[in-house]
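The values are calculated or read from the model by the stated rules, or taken from the named source; none is laboratory data. Worth saying up front: this structure is predicted, and the values here are computed from it rather than measured. Here the Cβ positions follow ideal geometry from the backbone for every residue, glycine too, while neighbour counts run over all protein chains shown. Each accessible area value is taken on the protein alone, full model and side chains, heavy atoms only, with ligands, DNA and RNA left out. Shrake-Rupley method; radii C 1.70, N 1.55, O 1.52, S 1.80 Å.
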Amino acid sequence: MSTLIAVLLTLATLVMIVGLARKARQYHATPAPLKIPVTPAPKTTGGVVLRMAKEVILFASLFRASKWTWIFGWIFHVSLALAFIRHLRYVIDPEGPLGFMMPVIGLWIVQTAGKYAVLGMIFGLTGLLARRYFVARVRYISAPSDYLMLLLILSIALSGFVMSFITNVDIVAVKVFMLGILSFNLQELPEGTALAVHLVLVAILGFVLPISKLLHIPGVFYSPTRNQVDNPREKRHISEWAKKLDETRGDYPELQAARAPKEPEA
Amino acid sequence: MADYEVPEVKEYAVVPLPKDGVMDHLKPFVAKPEFQEALNYVGKKEHLDPKEMPKYVLVDGWKEKAIDKMGDLLGRYRSLQVFMDSCVKCGACTDKCHYFLGTGDAKNMPVARQDLLRSVYRRYFTFAGKYFPKLVGAKDLTEEVIDDWYSYFHQCSECRRCAVFCPYGIDTAEVTMAAREIMAHIGKGMKYSNEIIGKVFTIGNNLGLPEKALANVLEGLEEDVEDDIEVAVKFPLDVKGADILLVTPSADFFAEPHIDGLIGYAKVFHATNTSWTLSSIASEAGNFGLFIGSYENMQRISMRIREAALQLGVKRIVYGECGHAWRVGYSFLNTLAGPFDFLDQNYPIPQHICEFTLDKLEKGELNIDKSRNDEMTLTFHDSCNVARGSGMGTEPGGQFTIPRAVIKAVCNNYVDMEKDTIHDATFCCGGGGGLLTDDLMELRVKGVLPRATALINAKEEHGVTHMAAICAICKSQFTKVLPYYGFTMDQIVSVHQLVSNAIILEGQVDLED
């Protein structure tokens, strides 16, 4: 079992990192030939950073769009971030290069916030699931994968909840196991159904991430309607493929005809 | 009379329950092959039964061609690639589209519209869609799918209201443009837009008004204005060495209330002693290349403006009142036809007529009698392409404040419509994006519902009598469809029509009074 989970987690991590990196590279390499920020838009790079921060941290547009979706969605994401930070203690070797982070991650407030964040995740995910099912418009646009994704993360949260609040897990042994994976030195995973379920589901999430709508994670940063500076009149924006068109753009027959000297009228 | 019902206006915009396929009968006419070819697209005519009209059908090998084109566009447009991947189906956009609110058709919800393309993208371009199509809602590309595309990507006015509310900024306009571009490459181009673009290439403007006819119209206008006020206001055409080249939508040359706006620009230029000219080469500000999502066609149309500016030796370019033209002018012109290093760099290139007029108003160069607009209580319709696809002035949001400042400088009575229907949350007129055609009248009548509701409320609460706009398409659409909601055509006005009413030129005699 330990070996299976270790292999799964290793593969999932690789798939996730490579997959996301490939996607981010694709987005980066694909040109945005025209200035298409949704206006009003910032006129400076600093303004764009602020706009993006509002979107990524506060979900500003979603707040304008739908208060319920915002409440469920935002609470879920913030809780997920807190839970994620709490979990860093399992993969950071205090003696390793990232060891300097341990004192912060180990703080009581960080650990406690991360522990209770699971409640926020369950609240948010349940709300999103209910909305997806009960609001006719949202149900119409939902594919099976949209429900499964919520259920997957909800199951991860619930198995985590069980370990934090109901059963007990030998977290020191978990840390040894995780650090073992990172150093390719397999260690025994402590017994426990909740833990095994938790880790297998997390591995599945890692596999699914780069081939699913979870691509909104890199996508949000690459959205031209949000991340472009609104200065098209001041600065000429031109992409590589469009530069090639510029070489022949003056040759259209009607432009040549317009340039020809006019015949005097009879 | 039409075989559909005009939607009932409720006190506030009501979000309908989504119904499947209630608008799938509505499709615009398909462009003939010869019009397709003029735009570097393809077409195929099928005339099996000589008693019937010929059909314009998909070309041979359409399926591979469509998928190839999709791949090509995914590689050329980051927007398309990111938007295809990023949607989480959160539903934030589902109640934001005026066509959904007006028709209740589920596929007019922005995400459902995008999904028509996204499901095919997933099938042919993603791992999950190739191997688990049912699970992720991926679909094979079939003729039925193209049929749905043709219906519903011509029920999107590319107004970008959904993009304002999307947490990832997914802009359905970009998806619609891509879908239209793909369809144009397999024989399913749209007659209205593509024929108009053809007219720009051969004649010079959307309305097909040749140079001579244009000169006659302008001459007639000079006579009319002089008859009205005894001032010789000029409407110059092709004047070499003029300071300003004015490019304006060709509807300004004869449609109502557009033409009153054109008279307004001319009076402002006259009053400020500004040297200006129109051009017969660039006798069109509009650029339908935007609507069909074609960079090449958009560039080809834009190049006429560069050519005219070079030939006439002007120092500045000013745009008349036209919404999508201003998006192309403000956001794209520098990219498509720039750099404009031969123009005067002390002015924005291009400049909007509202920017120009407000500057003159603020400097006190215009003699204004606001009371001449006192019969009206005005409101202002933010046109989608101006509101969400462009800017004015130097501050973000200038596209909202500057036209309003112009109106308030020439009118005493002004109120805004409800907050969630103006500025960047404005509702499309229902006729934008290349849909201003009689074959889509049902959609246009239904699509104006949210705007009509807000206007009716403004009328009842604040006594609004007139709505001003700075877009030729908005003006044409409103004068045509708002009568279905109890308004008269003359309740739609141009912003520069208001300026024209209030301005008093030197030596002016009001013969009508």
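Compute the long axis of helix B:295-312 from its Cα atoms, compare it with the longest principal axis of the Cα atoms of chain B, and write down the angle in degrees, 0 to 90, nearest 10. The angle comes out near 20 degrees.
Each residue, B:GLU296 and A:ILE171, gets one label point 7 Å from its Cα in the Cβ direction; the gap between the two is 6.2 nm. With a bin width of 20 angstrom, please list the P(r) values of the protein assembly as shown as percents of all Cα-Cα pairs, from the 0 bin to the one holding the largest distance. Pairs per bin, as whole percents: 15, 45, 28, 10, 1, 0. Using the Cβ-Cβ distance between B:ASN346 and B:GLU37 with R0 = 45 Å, the FRET efficiency computed as 1/(1 + (r/R0)^6) comes to roughly 0.55. From a point 7 Å beyond the Cα of B:THR272 in the direction of its Cβ, which residues of segment B:352-390 have a backbone N at a distance under 15 Å? Counting backbone N atoms under 15 Å from the label point, the list is B:352-368. Could you check what % of the DSSP bridge pairs in the protein assembly as shown are antiparallel, to the nearest 5? Restricted to the protein assembly as shown, the bridges split so that about 25 percent are antiparallel.
Just the protein heavy atoms count here, and of the accessible area of chain B at 1.4 Å, carbon and sulfur take up 50 percent.
Apply the a/c threshold of 1.5 to the C-alpha gyration tensor of segment B:374-462 and tell me whether it is rounded, prolate or oblate. Verdict is oblate for segment B:374-462. Rolling a 1.4 Å probe over the protein heavy atoms gives segment B:48-156 an accessible area of 37 Å² per residue. When you filter the chymotrypsin sites (Phe, Trp or Tyr not before Pro) in segment A:156-247 for DSSP loop state and at most 13 other Cβ atoms inside 10 Å of their Cβ, you are left with A:PHE184.
In a fully extended conformation the segment linking B:ASP147 and B:ASN216 would gain 20.4 nm over its present Cα-Cα distance, using 0.36 nm per residue. Other protein chain C-beta atoms within 10 Å of residue C-beta, averaged over B:174-186: 0. Relative to the longest principal axis of chain B, what angle (0 to 90°, nearest 10) does the C-alpha long axis of helix B:143-152 take? The helix B:143-152 is inclined about 20 degrees to chain B.
With a Förster radius of 22 Å applied to the beta-carbon distance between A:LYS54 and B:THR401, the computed FRET efficiency rounds to 0.50. For segment B:91-124, the list of trypsin sites (Lys or Arg not before Pro) that fall in a loop by DSSP and count at most 12 other C-beta atoms within 10 angstrom is empty. Where does helix A:67-87 land angle-wise versus the long Cα axis of chain A, in degrees 0 to 90, nearest 10? Roughly 50 degrees between the two axes.
At a Förster distance of 60 Å, what's the computed FRET efficiency of B:GLU506 paired with B:TYR4, Cβ-Cβ distance as r, to 0.05? It comes to 0.70.
Does chain A come out rounded, prolate or oblate, given a ≥ b ≥ c as the square roots of the eigenvalues of its C-alpha gyration tensor, rounded meaning a/c under 1.5 and, failing that, prolate meaning a/b above b/c? Prolate, since a/c reaches 1.5 and a/b exceeds b/c. Among the residues of B:91-102, the average count of other protein chain beta-carbon atoms within 10 Å of the residue beta-carbon is 4. The distance linking segment A:193-266 with segment A:101-134 is 35 Å (Cα centroid to Cα centroid, whole angstrom). Take segment A:2-236 with all the other protein chains still there, run a 1.4 Å probe, and you get 50 Å² of accessible area per residue.
With both labels modelled 7 Å from their Cα along Cα-to-Cβ, the B:HIS47 to A:LYS262 distance reads 3.9 nm.
Short-range pairs are left out: with C-alpha atoms under 8 Å and at least six residues apart, the relative contact order of chain A is 36 percent. Which positions within segment A:215-238 get 30 Å² or more of their accessible surface covered by the other protein chains, compared to the chain by itself, with a 1.4 angstrom probe? Residues passing the criterion (a loss of at least 30 Å², heavy atoms only) are A:HIS216, A:VAL220, A:TYR222, A:SER223, A:PRO224, A:THR225, A:ARG226, A:PRO232, A:ARG233, A:ARG236. Taking 0.36 nm per residue of separation and subtracting the Cα-Cα distance, full extension of the segment from B:VAL14 to B:GLU365 would add 121.7 nm. Using a/c under 1.5 as the rounded threshold, could you call segment A:39-191 rounded, prolate or oblate? The axes a ≥ b ≥ c are square roots of the C-alpha gyration tensor eigenvalues, and prolate needs a/b larger than b/c, oblate otherwise. The shape class here is oblate.
Put simply, chains B and A cover up around 6400 Å² of each other's accessible surface, both sides summed, when a 1.4 Å probe is used. Take the Cα of A:ARG22, step 7 Å toward its Cβ, do the same at A:LEU119, and the gap between the two points is 4.2 nm.
Look at the alpha carbon pairs under 8 Å that are at least 6 residues apart: their mean separation over the length of chain B gives a relative contact order of 18 percent. Residues of segment B:305-325 buried by at least 20 Å² of accessible area upon assembly of all protein chains, compared with the chain on its own (1.4 Å probe): B:GLU307, B:GLN311.
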